[in-house]
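Accompanying notes for the structure given below.
What follows draws every value from the coordinates through simple rules; no lab data is involved. What you are looking at is a predicted structure, and each value in this text was computed from that prediction instead of being measured. Cβ coordinates were reconstructed from backbone atoms using ideal geometry, including for glycine residues, and neighbour counts include every protein chain displayed.
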Amino acid sequence: MYQRERAMNNYKIDFVDHLPENIEEKMRKDLIEYESSHGIDVNYKTFALVLTDNFGNAFGVLNAFTAFSEVYVDDMWVDKSCRGKGYGRKLLQALENHFEGQGFNNINLVTNAFNAPEFYKKCGFTVEFVRENKIHPKLTKTFFVKYFKNETQKQGTKNI
């Protein structure tokens, strides 16, 4: 018993800016194996929607990923010269249009109080909950969800 306790106490934790590829691969493989053993499909894929003008200049980006049966908006940017002209709404609508009918359950996103939470309500997102920041109210987070109208959710499980 003493040898095992000693081995368990012999470790270190490193903070890294980027996960080495071999560790990332090992982690993903093990997580997928674990999730599969429970009939779950992780379905993790990152992607971006890029809004460009006729000259190919990017002036809007929506970074997102899928996981299980959900789509997660990681961040969204519209160039300051183009804000307030409906491009953010167009990016969100393009995201929704792409995934509607593909068997996903919902789209999730989180925004701060300074980052126009009312905009997401106007785009049809519903507030799930708010995490208040009592020290810096501008950093209060609002968690939003928008459900797809799909009749059948086929993403996220291996049984469907």
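Would you mind checking the pairs Lys85/Lys121; Lys45/Lys158; Lys12/Lys45; Lys122/Lys146 and listing those with alpha carbons more than 21 angstrom apart?
Long pairs (Cα-Cα over 21 Å): Lys12/Lys45.
Return the ratio Rg/(2.2 N^0.38 Å) for the stretch 76-160, where Rg is computed over Cα atoms only.
1.27
Just checking my list (1) 10, 35, 29, 15, 7, 4, 1, 0; (2) 9, 27, 29, 23, 8, 3, 1; (3) 11, 45, 38, 5, 0 against P(r) over Cα pairs in 10 Å bins from 0, in percent computed from this structure; which label fits?
Label of the calculated value: (2).
Cα axis of helix 21-37 to longest principal axis of the chain: angle in degrees, 0 to 90, nearest 10?
Approximately 90 degrees, to the nearest ten.
With angles folded into 0 to 90 degrees, how steeply does helix 87-99 sit against the dominant principal axis of the chain? Use alpha carbons for both and round to 10.
The angle comes out near 60 degrees.
Between the DSSP loop rule and a limit of at most 16 other Cβ atoms within 10 Å, which GluC sites (Glu not before Pro) in the stretch 54-160 are left?
Glu100, Glu132, Glu151
Going by amide H atoms built from the backbone, whose H comes under 5 Å of the H on Phe59, apart from near neighbours?
For Phe59, whose amide H was placed from the backbone, the distant partners under 5 Å are Leu51, Thr52, Asp53.
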